[in-house]
Structures are given as C-alpha cells and as structure tokens.
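Here is the structure we will look at, set down as structure tokens.
Readers should treat all values here as calculations from the given coordinates under stated rules, not as data from a laboratory. Quick caveat, the model's predicted, so the values are computed rather than measured. Note that we place each Cβ from the backbone using ideal geometry, even for glycine, and neighbour counts take in every protein chain shown.
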Amino acid sequence: MTAPLLQVEDLKVDFSTRNGIVRALHGIGFTLHAGETLGIVGESGSGKSVTSLAVMRLLDRAGRIAGGRVLFQGRDITRAAPGDLRSLRGAAMSMIFQNPRAALNPIRTVAQQIMDVLRAHRRIDAAEARQQALDLLKAVRIRDPERRMSAYPNELSGGMCQRVMIAMAIACEPALLIADEPTTGLDVTTQKVVMDLLAGLTAERGMAVILITHDLGLAARYCGAIAVMEQGRIVEQGPTEALFRDAQHPYTRRLIAASPTRRSTLADLAQGAPPVEPVSRPPPPPGTGPLLEVQKLVKLYSGTRAVDDVSFTISAGGSLGLVGESGSGKTTLSRMICRLIDADGGDVVFQGESIGHIPARDFHKAPQRRDVQIVFQDPTDSLNPRFTAFDSIAHPLRRLEGMRDGSALTARVTEAASRAGLEPALLGRFPHQLSGGQKARVGIARAVAPRPKLLLLDEPTAALDVSIQAVILQLLDRLRREDDLALLFVSHDLNVVRMMCDQMVVLQAGKIVEAGPSMRVFEAPGAEYTRTLLDAIPHFEPNAAPADRVDA
Amino acid sequence: MKTFLAILRRVGRRLLFSLPALLGVVVVTFVLMRVLPGDPAVFFAAGPSAGKAEIDELRHQMGLDKPMPVQLVRYLGDVATGNLGRSLTTGQPVVADMRARLPASLELTCTALVIALFLSIPLGVAAALRPGSPIDHGVRMLCTLGVCVPTFVSGLLLIYVFYYLLGWAPDPTARIDIFASTPPDITGFYLIDFALTGDWQGWWAAFTQLLLPAFTMALFVLAPLARMTRASMLAVLGSDFIRTANALGLKPLRIVVAYALRNALLPVLTITGIVFSTMLGANVLVEKVFSWPGVASYALDALLASDYAPVQAFVLLMATIFVLVNVLIDILYGVADPRVSVE
C-alpha cells in the first residue's frame with residue numbers, strides 16, 4: 001500500500017466573528033489515495049467548503065486552523081510558508097469553484113488567464129504557453145478553441161466558463177483537484193457534460209478528486225467514496241455503494257430520504273412529517289372554464305423569440321410545472337403570465353377575463369392582482385431587508401386590500417404566517433435574522449396572504465437545502481389541497497416538478513416541445529429533448545447498485 | 001478598424017447629445033449674469049464723475065438697452081460664429097485671453113492630477129492590502145488632512161516651508177521667473193514648448209515653478225482618489241477570481257497588479273474624470289495664491305468687475321471641457337473593460 005496522497009487528521013478550524021470565535025470544523029479526518037474520488041456531501045453550513053479551503057490553505061483572514069494537520073504527499077502543509085504553498089497550489093493541488101463566471105477575471109482573455117497559470121509554475125516562453133493553453137482548451141472540448149482564446153469570460157456561457165476553469169486547474173497536471181460545487185447553477189444537461197468531462201480528464205491523468213456538493217445524486221454518480229458532513233463533523237464515510245445501501249447515521253438517512261429520486265413521492269421526502277390528509281373537494285360546477293388560459297403568448301427580445309407561441313391551461317386547484325433549461329423562456333413566460341412584463345402577442349385569460357391586455361405597469365391596480373401572486377426564486381433578495389417578516393406579509397394586504405394597521409390586519413398576517421408554517425414569534429424579525437427556510441416561508445406567506453387563486457412559483461426551492469426543500473414542497477402541496485390554490489411551478493428540477501404537478505410543460509428555446517400529465521411525460525417522454533433532460537439528472541438508487549457510474 | 005469606427009461613432013453621438021446641455025449652460029449663465037446686481041456700463045464709464053448721458057451712451061454701445069431676449073439671440077449668434085465678445089477689463093477679445101490662459105490652467109491641472117494619481121493609487125492599494133493596519137490609518141489621516149485644509153492654507157504652508165525656510169523652491173509667483181525669458185508660443189504649455197525648442201534649462205525652471213502649486217492642488221484631490229482606490233481594491237480583493245488566482249498559485253505581485261488593481265481602477269477612472277473637471281474650474285484659490293495666470297482667476301476678476309463676456313465664456317469653456325473629459329473617460333472605460341460594449 002503506497003502512502004496516501006492526502007491525509008487530513010483531526011482538522012479543526014475556527015472563525016473569529018463579531019460574536020466571538022466560532023468553530024467551523026470539529027476535528028475531521030479522511031484519507032485520499034492517488035487517483036481516488038471522494039465526494040463530500042452536506043447541507044449549507046456543514047463545513048464542506050471550509051474543509052476544502054482549509055486543505056488548500058485558502059481560508060480568509062478570519063479563518064484559522066486551530067488543530068490537527070493536513071498531510072499532502074507525506075508533507076505536513078498545515079504550517080507551510082506562503083511561498084511553499086504557492087508553488088503547490090495550481091501545480092500539485094488545484095481547485096475549481098462554484099459560479100465559474102465570477103471565478104474568472106473579467107478583464108483578461110481566456111488565453112491570458114490559462115497562460116498566467118502555466119507561467120506561474122513552468123519556465124516557458126509566451127509562445128509555448130499559448131500553444132499549451134490552446135491544447136488545454138481542446139482537451140476540455142470547447143467548441144472553436146482558437147477563437148475562444150481571445151474571448152473574455154462575459155462572452156462565454158456558464159458551461160464554457162467552467163470548462164475554461166477546468167483547463168486552468170489541470171494546466172499543470174496537479175495530483176489533486178478539489179471541485180467545490182462545480183456545477184451548481186448550471187443546467188442539468190450542461191452539468192452532465194461538464195461532470196463527464198471532469199471525470200474523464202481526471203481519470204486520464206490519474207488525478208485524485210474531491211467533489212464537494214450538496215447533491216447526493218451527483219456524488220453517487222461520480223465518486224468512489226463519500227463523506228457526509230453535518231455541522232462541522234464527518235458523521236459517516238465509506239464507499240459510495242455501501243453508504244447508500246446501508247446508511248448508519250440518522251443524518252445520512254434523512255439526507256438520502258430528502259433527496260428527490262426517480263420514484264420518490266412527497267411523503268417520502270420528509271419522513272416523520274404529519275401525513276397529508278386528503279381533502280375532498282366538491283367537483284367544479286359544470287360549465288366553468290379553466291382558471292388560467294395562456295393563448296399563443298409571444299415575447300420578442302431584440303428580434304429573437306424568447307417565448308414563441310405558447311398555449312396551455314390550468315384548472316382551479318390544478319398544478320402545472322414549467323420545465324426547461326436556462327434560456328428556454330420559462331421565466332419570461334411566467335413573468336408575462338403574472339403580468340410583470342408585457343407580451344408581444346397572444347393573451348392571458350384568467351377566470352374567463354382577458355388580463356393579457358392590461359399593461360404590466362397598471363396591473364397592480366387590476367382586481368386580478370390579488371388573485372395571481374408570486375413566490376420568487378431567491379428568498380433573501382426578494383424580501384425587503386428593512387421590513388420585518390410581519391411588514392413583508394402585511395404589505396400586499398395594505399396595498400391590495402387597503403387594510404389599515406389594527407387587529408384585523410394582525411389577524412390576517414398571523415393567519416397567513418401560520419398557513420406557511422411560520423412561527424408567530426418570528427414575525428418581528430428582519431430577513432437577516434431568519435434562516436433560508438424561514439425566509440422562504442415568509443415569501444410564501446406574503447404570497448398567500450391576499451388569498452390568491454393562482455400561485456406562481458419561480459424556482460422556489462432552488463436556493464434551499466434538500467431537507468428544507470422537502471418541507472417547503474410539502475407545505476406548498478398542502479396549501480394547494482386545502483385552499484384550492486392553483487400552482488404554476490417553474491423549475492429546472494424535473495423530479496420536483498413530477499412530485500408537485502399533475503401537468504407538465506417542457507420548453508425549449510421558447511417553444512413547447514412536450515406537454516401532458518407529469519407521470520406520463522416522466523415515464524414515457526415523447527420528445528427527444530425531454531429524454532435528454534431526464535437522462536441528465538444524476539439520480540441514485542438507494543437500494544440498487546448505481547448502474548451508470550463513470551468509473552474513474 | 002471596426003472597433004475604431006465604432007468608437008468614433010460613439011464619440012460623435014455623445015458629442016451630439018451634449019449640445020443641448022451646452023446650450024442650456026449658455027442660456028442659464030447669460031440670464032444669471034443679467035440678473036446679478038451691478039451694471040457694467042456704470043463700472044466701465046470713464047470715472048465716478050461720468051454723467052448719465054455718458055453711461056447711457058456706453059449702455060447703448062454695449063447693447064444693454066435692448067430687451068434681454070434680443071440680447072440673448074444676438075449673443076447666441078455670436079457664440080455660434082465663435083465670437084465670445086470682448087473683455088472690458090483687458091480690452092482683448094475673450095477668445096484671445098482664453099487662448100493665452102487656458103494652457104496655463106491645463107498645464108497646472110494635468111500636472112497636479114498626475115501627481116495625485118501617482119500618490120493616491122499606491123497609497124490606496126497599500127491601505128487595501130492591510131486594512132486596519134497602521135498604514136491604512138496613516139493613509140486615512142493624510143486624506144482627511146488633504147480635504148480639511150483649504151488649498152490657500154496648504155499652498156501658503158508649502159511656500160513657507162519650501163521657499164522661505166528651505167529655499168528649495170523658486171519664487172512662487174507666476175509660471176516662470178519674471179526675469180527669465182518665456183518660451184516661444186507654440187502650444188502655450190511651457191513644459192512642451194521648452195522641450196520642443198530644446199531649452200532644458202528653461203524647462204527645469206518652469207517645472208520647478210510648477211511643482212508647488214501642483215502639489216497644493218494634488219493634496220486636495222488625494223482623498224477622493226485614494227479612498228476610491230482603497231474601497232474598490234477591497235471589493236476586488238474579496239472577489240471570486242482573486243480566490244481563483246490564489247488557488248492556482250499565481251505570484252502575489254501578479255495577483256495584486258494584473259488581477260486586482262486593473263479591475264479596481266475602473267471606478268477610479270470615473271472619479272478621475274470628475275476630479276479633473278472640478279480641479280480645472282475650482283483651482284482659483286491656487287491660482288490666486290501662486291499668481292498663476294490661469295482661466296479661473298481671470299474669470300473671477302471678470303465676475304467681480306461685472307464683465308459679462310469672460311464669465312460666460314469661462315462657463316461655456318468649462319462645460320465643454322467637462323463634456324470632452326467625460327467622453328474621453330467613456331472611451332477609456334470601453335478600452336479597459338471588455339464588458340462595456342463599444343457600441
């Protein structure tokens with residue numbers, strides 16, 4: 001047995017904050033041999049990113065290694081000098097990051113940035129570095145590499161930026177590559193391509209990989225071993241298959257249960273939550289039309305058809321999922337339906353009345369504003385930081401129903417909060433005093449406060465951890481059943497849409513490529529594009545061997 | 001070539017769009033000058049004993065007896081043909097006066113700006129690299145001092161120390177020693193003219209003469225530039241691509257200069273444009289302290305004498321320079337930042 005490439009022993013990291021010293025890592029340890037792939041999974045705040053930064057010795061000023069050590073190629077680098085570290089970084093160990101566009105220098109060309117890395121570690125002249133940079137771009141299979149050499153990051157797509165980032169990270173053939181959420185924020189299909197590329201390149205070069213992710217499916221698909229982190233501790237680690245087959249730690253089990261899979265239902269996700277009681281609803285009186293009818297909507301952005309002739313209907317209390325990749329027009333479409341932007345053609349009919357012709361800037365005065373409410377993607381950015389939770393929820397009541405301060409308003413706000421599962425004690429808090437899940441609840445409470453008939457959800461759980469996502473999804477489902485609330489659910493996560501929605505519409509480049517009952521679309525996709533989307537989801541089967549793992 | 005044409009088109013459009021603003025400036029200044037108390041005819045009449053008839057005659061000559069709109073239209077016509085009137089104080093056409101004095105102001109302002117940039121950017125970078133350190137606090141104090149101390153005080157202090165006490169600086173009056181010969185008038189910028197004629201002794205004399213007033217002005221604008229550099233350096237140093245550069249083992253100097261500073265300079269560029277325009281128009285105190293024959297002191301003298309034409313011309317000139325500087329900054333921004341499209 002050769003010596004391990006990386007050995008982390010009882011690593012402790014402290015952060016000095018305004019409220020004193022906070023321990024972020026409570027003594028973690030793991031071992032990685034050359035060519036192995038280790039997945040570190042956990043939810044936000046579990047310390048997985050801190051682990052990677054501590055291994056690279058990239059902690060910012062506030063962070064400090066308080067104990068334990070990191071052995072890299074047999075050398076203790078915990079107390080290595082900055083100069084020694086610099087010659088290691090990029091050359092022997094390197095890292096790729098989440099949000100690839102921000103991780104690249106916006107005012108240097110792709111070629112310059114790759115050459116910077118090459119020339120930081122190798123004595124080569126500019127022409128040679130340029131040639132190697134071009135070879136690297138070819139290796140990461142960027143289309144048209146010669147032309148991309150002189151491109152700036154803002155001219156590239158997110159997927160291409162991540163390829164450039166990978167090219168930079170592998171430029172000097174490091175022995176260890178740490179990938180910190182490398183595909184978060186990318187489309188599923190792009191994610192698959194980038195991850196396959198990464199797995200292939202590292203396998204070819206015999207690099208060891210640490211993949212840090214919140215996505216269990218991704219870790220299961222690409223890693224040989226997995227370490228599960230919770231609150232600064234590794235609670236469980238082992239070979240991927242064994243870990244998923246027979247998870248020991250309750251947190252691992254909870255995490256596995258909360259991750260949507262091909263067959264999971266809402267009830268599976270949050271085990272222990274009170275079961276949803278079926279509510280019997282009187283059938284709609286005959287002759288009533290659909291709640292919402294979208295008729296041949298068109299939106300043009302500088303000549304291109306962002307949304308191209310899209311039609312569908314939602315019945316009262318129904319739910320429809322709008323699926324597609326970034327740029328497919330799903331957000332534009334949802335914004336037109338909730339009348340935040342104007343359409344260039346077609347109509348939106350709500351309860352038999354055309355609302356498509358009310359200009360978006362005047363729609364806040366229309367009576368239908370109350371009936372069509374929105375829950376936005378980012379629970380933090382969509383709340384006014386100077387409003388308490390109470391004010392945020394009361395805002396639509398004040399504006400749309402003209403309610404004044406008083407017991408009636410308080411009652412309505414408390415009622416909306418309780419329906420969204422928000423504790424009354426939290427109503428006085430400001431957004432920065434709330435957790436991500438609590439902020440999501442405030443957003444939902446605000447939307448349901450005026451008792452709408454249609455709720456538009458634009459990726460409502462994209463910024464949330466899986467366990468919180470599970471709870472929020474159940475909450476939304478309960479609201480729909482109890483209040484006869486129709487949902488229009490915009491998401492890139494097909495599993496979530498399948499669980500939440502009866503109907504599904506798949507968009508590509510502004511056009512509907514497939515529509516129908518979710519189960520049918522999921523089981524037997526009709527369009528080629530839908531099949532590609534479905535295949536790209538990294539899923540794992542807790543009870544079956546991962547069939548299509550890419551062996552590194 | 002294509003980008004060049006695009007830049008040219010953009011400049012042309014920007015200049016075209018600034019014409020209404022310039023027109024507005026001309027009209028407002030014109031009206032303002034007429035509304036201000038003081039009658040130039042009385043001021044320029046032969047003496048305190050001048051009779052009413054003489055004053056009326058003068059007023060008629062100057063066209064001041066016509067209604068204001070008529071005067072305005074006539075003035076606009078003059079401006080359009082490049083005739084900015086005649087200064088009653090100097091007796092020269094305003095255009096000639098400006099041509100003689102503008103290079104003096106520009107030379108002083110540009111030198112001061114270069115000094116300020118050379119001081120403030122390293123100071124700002126040093127402060128940002130070690131926030132909260134003694135260096136940071138030192139820079140902050142220097143900046144505060146620079147802003148609090150009025151230029152006439154700092155100017156006099158510099159004169160007292162470097163001319164009176166140490167004797168390093170030459171006699172701090174005017175652009176060059178009164179007994180020295182001025183360079184031939186080629187561009188009006190002494191440094192350039194001396195250099196063109198190869199008179200390096202004269203060049204040195206003009207240069208040393210320039211240093212004290214330039215430093216006085218530079219001190220005043222040190223604060224906005226250094227603080228802006230510090231703030232924007234701090235923001236850039238915290239960004240993802242700096243972490244990437246660190247993670248890939250780039251050399252610290254390269255990270256600070258090529259990665260951080262180049263990105264951080266973009267907002268500094270904007271501030272530099274504003275600072276330059278302010279300096280050019282507001283350096284009247286420096287010009288007065290150092291008896292510098294610039295446009296600002298010229299305009300102030302004219303204003304005190306109710307001499308309309310130079311003041312109006314001065315305001316128009318400043319507005320034009322402001323527009324030009326902004327267009328220039330805009331172009332530089334487009335060159336420095338690929339995210340700003342040239343179109």
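Annotations for the structure displayed:
- Rounded to the nearest 10 degrees, the inclination of helix A:466-483 to the longest alpha-carbon principal axis of chain A is 10 degrees.
- Share, in percent, of DSSP beta bridges within the protein assembly as shown that are antiparallel, nearest 5: 55 percent
- Each label point was placed 7 Å from the Cα along the Cα-to-Cβ direction; for A:Ile341 and B:Leu324 their separation is 4.2 nm.
- Restriction of the trypsin sites (Lys or Arg not before Pro) in segment A:174-240 to DSSP coil positions whose beta-carbon has at most 13 other beta-carbons within 10 angstrom yields no sites.
- If the segment from A:Arg147 to A:Asp60 were pulled out straight at 0.36 nm per residue, it would be longer than the present Cα-Cα gap by 27.7 nm.
- q = 0.07, 0.10 Å⁻¹, the protein assembly as shown: log10 I(q)/I(0) [Debye, one scatterer per Cα]: -0.78, -1.21
- When A:Arg451, A:Arg141, A:Arg498 are sorted by how many other C-beta atoms sit within 10 angstrom of their C-beta, beginning with the fewest, the order is A:Arg141, A:Arg451, A:Arg498.
- Residues A:Glu528 and A:Ala80, FRET efficiency given R0 of 56 Å [Cβ-Cβ distance, rounded to 0.05]: 0.60
- Annotation for segment A:1-70 versus segment B:154-195: alpha-carbon center distance of 63 Å.
- Gyration tensor verdict on segment A:115-194 (Cα atoms; rounded if a/c is under 1.5, prolate if a/b is larger than b/c, oblate otherwise): oblate
- Rough spin-label spacing in nm, given labels placed 7 Å along Cα→Cβ, for A:Ser435 and A:Ala411: 3.2 nm
- Alpha-carbon spread of segment B:94-336, three principal axes, descending order, Å: 62, 42, 38
- Ascending count of other beta-carbon atoms within 10 Å, so fewest first, for B:Trp203, B:Trp292, B:Trp168: B:Trp168, B:Trp203, B:Trp292
- Screening chain B for whole DSSP H helices of 20 Å or more along their axis (Cα) with average Kyte-Doolittle hydropathy at least -0.5 returns B:2-35, B:94-129, B:134-148, B:200-237, B:262-282, B:308-336.
- Rounded to the nearest 20, the size of the Cβ-charge dipole of the protein assembly as shown about its Cα centre is 620 debye, with Lys and Arg at +1 and Asp and Glu at -1.
- Pairs of lysines in chain A whose Cα atoms sit within less than 15 Å of one another amount to 6, provided the residues are eight or more positions apart or on different chains.
- For segment A:6-259, the equivalent ellipsoid built from the Cα gyration tensor has semi-axes of 30, 22, 17 Å, listed from largest to smallest.
- For segment B:258-285, the residues whose backbone nitrogen is under 17 Å from a point 7 Å from the Cα of B:Leu32, taken along Cα to Cβ, are B:277-285.
- Helix A:407-419 axis, angle to chain A major axis (alpha carbon atoms, nearest 10°): 50 degrees
- Cα-based convex hull, segment B:144-243, per residue volume (Å³, whole number): 161 Å³
- Amide H to amide H, with H built 1.01 Å from N, A:Gly321 comes under 5 Å of A:Phe489, A:Gln503, A:Met504, A:Val505, counting only residues 5 or more places away or on other chains.
- Length gained when the stretch A:Ala102-A:Glu204 is fully extended (0.36 nm per residue, less Cα-Cα span): 33.9 nm
- Relative intensity, log₁₀ I(q)/I(0), of segment A:1-115 from a Debye sum that treats every alpha carbon as a point, q = 0.10, 0.17, 0.18, 0.20 Å⁻¹: -0.35, -0.97, -1.06, -1.23
- Computed from the C-beta positions of B:Cys148 and B:Glu54 and an R0 of 56 Å, the FRET efficiency is 0.65 to the nearest 0.05.
- Measuring how big segment B:2-69 is from its alpha-carbon positions, Rg and Dmax come out at 21.0, 68 Å.
- Two-site FRET efficiency, A:Ser44 against A:Ser16, from Cβ-Cβ distance with R₀ of 22 Å, rounded to 0.05: 0.60
- Each of B:His137 and B:Arg99 was given a label point 7 Å from its Cα along the Cα-to-Cβ line. The distance between the two points is 5.7 nm.
- Residue order, fewest to most beta carbons within 10 Å, for B:Thr244, B:Thr89, B:Thr182, B:Thr81: B:Thr81, B:Thr182, B:Thr89, B:Thr244
- Residue list for segment B:89-104, given a label point 7 angstrom along the Cα-to-Cβ vector of B:Leu72 and an amide N cut-off under 13 Å: none
- Global form of segment A:368-494, assessed from the alpha-carbon gyration tensor, a/c cut-off 1.5: oblate
- Three-way shape label, segment A:429-484, alpha-carbon gyration tensor, a/c 1.5: oblate
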